[in-house]
Structure formats: C-alpha cells, structure tokens
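Asks: The structure that follows is given in the form of structure tokens.
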Amino acid sequence: MLKINEDYLKLRGSYLFSDIAKKVKKFETENPDKKIIRLGIGDVTLPLAPAIIETLHKSVDEMGVKETFKGYAPDLGYEFLRNTIVENDYKSRGCEIYPDEIFVSDGAKSDSGNIQEIFSTDNVIAVCDPVYPVYVDSNVMAGRTGSFDELNGQWSDVVYMPCTAENGFCPEIPNMEADIIYLCFPNNPTGEVISKDKLQQWVDHANKTGAVIIYDAAYEAYISGENIPHSIYECEGARTCAIELRSFSKNAGFTGLRLGFAVVPKDLVIGGTKLNSLWARRHGTKYNGAPYIVQRAGEAVYSEAGKKQIKEQIAYYMANASYIYNGLKDAGYEVYGGTNSPYIWLKTPNEMSSWEFFDTLLSKAAVVGTPGVGFGPHGEGYFRLTAFGDKDATKEAVERILKM
Ligand SMILES: Cc1ncc(COP(=O)(O)O)c(C=O)c1O
C-alpha cells in the first residue's frame, strides 16, 4: 500500500512568517491609513550591484551564441567560480581549501536542509536555541527527531544548546552525545558572533568525539571585528570535522538570483568514507547545477568593482544596524547583535512575551519585527529586527519605537 513519509506530518503546522503575515494583513485592513514598516523578514532590499548586472547581461548574450552557449554545468560548479572562491574566501585568510572541495549550489537553505542526507538517521543532532528553523525541520522530515513536546517547545532526540545573554549567545559544548552539530555565526537570529578561541574549542571537541560540525557562515560578510573567524577553516583541525555553508544572498543580494556553496574537505572521513565523495555523489545525482549566468554573476562578486560595490551595500545595511542598535540602546532597551551582523536581537521590555511585543509594536508603531520565540523556546522574551530595510524607513521605524 502506498504510504506517505509520515515524518512530514510531525512538522509544526504553521510557519512563523505566515503567522506574522496574517497579523500584518489584519492590521492593514483595519488601519488602511497607517504606513507599515517591515523590519521582520531577512530579505535584502538593495538592487544588484552594477558589476553583477553587467556580468549578467554579458553572460545572457553568451547563451545566445552557438560558440559560447552553455548547457549543463559541471557537477561541482564551474571551475572559474570555484577557483575564485578558493582564492578570495579561503587562501586570502590562510585557510587550506581546494577547488574540488567547493560544491556550488543554489543557496545555503538548500544545502543546510540537504546536507543531513549523507548521515545515518540514527545520528543525534545538536542545534542552538534559538535557531534558524531549517536545520531542525529538515531533520524532522528525515525522521531523525522524536516527538514534539508542546510544553517545552522541543523535539525529543535533539540536543538543544541554549544561547542566552548569560553565555553571550554562544552555546556551551553539550555534555551529551551529539553527532551532527549545527553552528551558525554570525548568528541568525541573535546577530551575535563567536570568537576564534571559542570556535577552536568546538573544532577540538568535534575531532575528539568524532562529531561533524555544519557551519553556516551565510552572514560572514558582515563581520568587521578583530579575532572573529570568517570561516571555520581558520581553526586548526577543522578540515577533519567541519562542513561550511556559504551564500551569496546576504553579501551580494542574490536572494532572488540564488547561489551558494558548501565546502566539504577531503580530510573529512567517517568510518573510512570521505564525506566529499558522498556529497559529490548526492550533488551529481540530485542536482543539475546553478545556472551559468548566475555562476558568472557570482564570479563578478569577487571582481575589483564587485567587491567595492558590495562593500558599499553592506555598509548601507550596517549603518541601519547601528542606527537601530544605538537608538534602542540609548532609549534603555537591552540590545544584542547589530555589530557584525544585520540582525538586532532585543530583550522585550517589561517582561513582555515575544508575541506581546510584536502586537504592541504593530499596533502602536506600525513596525513589523520577528518574535524571538519563533526561533525556539530560548528566544522567548526576545525580538529580532533586521537592518535590510530602506535607510529612511529604518530611521522612521526607530523613531516610532522610541515614541511608543
Ligand atoms: C542562517 C541562514 N542560513 C541560510 C539562509 C538561506 O540562505 P540562501 O538564501 O543562500 O538560501 C538564511 C536566510 O535567511 C539564513 O538566515
């Protein structure tokens, strides 16, 4: 008899952003004269940089000429892009990473959801709490989690690592078995970062216990501080225990174009099998590659003009971040993140729950943010604002919040 994958039925019914959308829609209908400012979803708002647009046009033209037309891309991605990534993101930082360890993809969401496939369903996952929901939900779909406890908001068979103000939103190394450890820095949602020493401790732990770290560095481009690792491969020994995920979405505005990559070092060997070979097999079987024109656009991100233009875009968003951070801090809010990340994580005032603060902000200031509890139980009492909005709208939003 045909049966569905019942693990899908375990997934939590409603998704955070659809709940938010419903509340906003209701508010809009009831208050047609109020201009809503959205600082909720983490999507970029600036258009693609000129260097990228120029390359897109050029490569579209190539596709229309017999001599330069491109069909299926090579399995791992075009060499021109993989070589450029290695030179700019890894060699320049002293990391030993080779082009055949780079797997070009359509983004870090797919990679962070798919990477679990190459591990046994018996493995135990460890995630930060609060967390980017994809890590958990993709493991629910795969049957790697037990049942959901409505009371504590957690799945059984999952190791949750609380990220709190007390530990600087950097998880402690768990004292129970965890085989697949998901880390994301700069972090979504807290906007906080990990020091190189701390990350080294995680790498040492993973090498000691035989665990693998899935390191999501989608927001790496926002790091400006000293001693904050841009890549896990800056740590000694990471080649034998870590897979890194990167995205072109937040650094270069590719959320609509779609491009990312996973790094799977050849030294990462589990039970005699190279994870690089397993991921290559999975990639070759299930994925036919990011479009040629998008991979060329990715290459343009690393051109001199591209780097300069993208730096300006990041500076624009980070100016928003510091406006939000400083505005709220000066007004007495307890705020985190926002320095090496486009996310500001604030403690809700007066012991309000995340959703109570969401409702207050919407009704009194017509500003939309994201309730922290939507990212996990330890997000309760917190709230996420993003710096990806328009500069003037962001300023207005902060002014409205301060007047509440
Ligand atoms: C932590 C994290 N990883 C991955 C992604 C998705 O990146 P992409 O657009 O490359 O799929 C996001 C998007 O918000 C994210 O916050």
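Every number in this text was worked out from the coordinates using simple rules, so none of it is lab data. Everything numeric in this text was worked out from a predicted model, so none of it was measured. Cβ coordinates were reconstructed from backbone atoms using ideal geometry, including for glycine residues, and neighbour counts include every protein chain displayed.
Asks: Can you work out the Karplus-derived ³J(HN,Hα) for every residue in the stretch 313-329? Use 6.51 cos²θ - 1.76 cosθ + 1.60 with θ = phi - 60°, whole Hz, and x for glycine or proline.
Replies: 5, 5, 4, 4, 5, 6, 5, 4, 4, 6, 4, 5, 4, 5, x, 6, 4
Asks: Enumerate the amide H contacts of S247 below 5 Å, restricted to partners 5 or more residues apart or on another chain; note that Pro and chain-start residues carry no placed amide H.
Replies: Here F261 satisfy the definition.
Asks: How would you classify the stretch 52-302 from its alpha-carbon gyration tensor, with a ≥ b ≥ c the square roots of the eigenvalues: rounded for a/c under 1.5, else prolate if a/b is greater than b/c, otherwise oblate?
Replies: Taking the square roots of the gyration eigenvalues as a ≥ b ≥ c, the stretch 52-302 is prolate.
Asks: Rounded, prolate or oblate, given the Cα gyration tensor of the stretch 135-284, with a/c below 1.5 counting as rounded?
Replies: rounded
Asks: Once amide H atoms are built 1.01 Å from N in the peptide plane, which residues 5 or more positions from Q154, or in another chain, come under 5 Å H to H?
Replies: D149
Asks: Another question, if that's okay. Using Cα positions and a limit of under 19 Å, work out the aspartates and glutamates in reach of K311, with same-chain residues fewer than 8 apart set aside.
Replies: D43, E54, E87, D89, E220, E226, E299, D390
Asks: Hey, if you put +1 on the Cβ of every Lys and Arg and -1 on every Asp and Glu Cβ in the stretch 94-134, which of Y132, I102, G113 ends up farthest toward the positive end of that dipole?
Replies: The Cα lying farthest towards the positive end belongs to Y132.
Asks: Please turn the phi angles of the stretch 397-403 into ³J(HN,Hα) values with the Karplus equation 6.51 cos²θ - 1.76 cosθ + 1.60 (θ = phi - 60°), one per residue in order, whole Hz, x for glycine and proline.
Replies: Residue by residue, the stretch 397-403 yields 4, 5, 4, 5, 5, 5, 7 Hz.
Asks: Give the lysines reachable from K23 as a straight Cα distance under 29 Å; neighbours fewer than 8 places away on the same chain don't count.
Replies: Filter leaves K10, K34, K35, K109, K250, K329, K347, K364, K391, K395, K403.
Asks: Which residue, A21, A321, A238, tops the fluctuation ranking in a GNM of the chain built on C-alpha contacts under 10 Å?
Replies: Top of the fluctuation ranking is A21.
Asks: When you count, for each residue, the other Cβ atoms within 10 Å and take the mean per peptide, how do 371-383, 349-361, 389-401, 62-74 rank with the highest first?
Replies: Ranked from most to least packed, the peptides come out as 371-383, 389-401, 349-361, 62-74.
Asks: Further question on the same structure: For the stretch 274-404, with the dipole built from +1 on Lys and Arg beta-carbon atoms and -1 on Asp and Glu ones, taken about the Cα centre, which of G338, G298, Y287 lies farthest toward the positive end?
Replies: Value: Y287.
Asks: Another question, then. Sort 141-149, 206-214 for me by packing, meaning the mean count of neighbouring Cβ atoms within 10 Å per residue, highest on top.
Replies: The peptides rank, most packed first, as 206-214, 141-149.
Asks: Something else about it: Please tell me the relative contact order of the stretch 52-302 in percent, rounded to the nearest whole number, where contacts are Cα pairs under 8 Å and at least six residues apart.
Replies: In percent, rounded to a whole number, it is 27.
Asks: Charges on Cβ only, +1 for Lys and Arg, -1 for Asp and Glu, centred on the Cα centroid of the chain; of N326, P162, T394, which one is farthest towards the dipole's positive end?
Replies: In the chain, that residue is T394.
Asks: Give me a comma-separated list of calculated 3J(HN,Hα) values for the stretch 74-88, in order, Karplus coefficients 6.51, -1.76, 1.60 applied at θ = phi - 60°, integers in Hz, x for any Gly or Pro.
Replies: Here the 3J(HN,Hα) series is x, 3, 7, x, 5, 4, 4, 6, 5, 5, 5, 4, 4, 4, 7 Hz.
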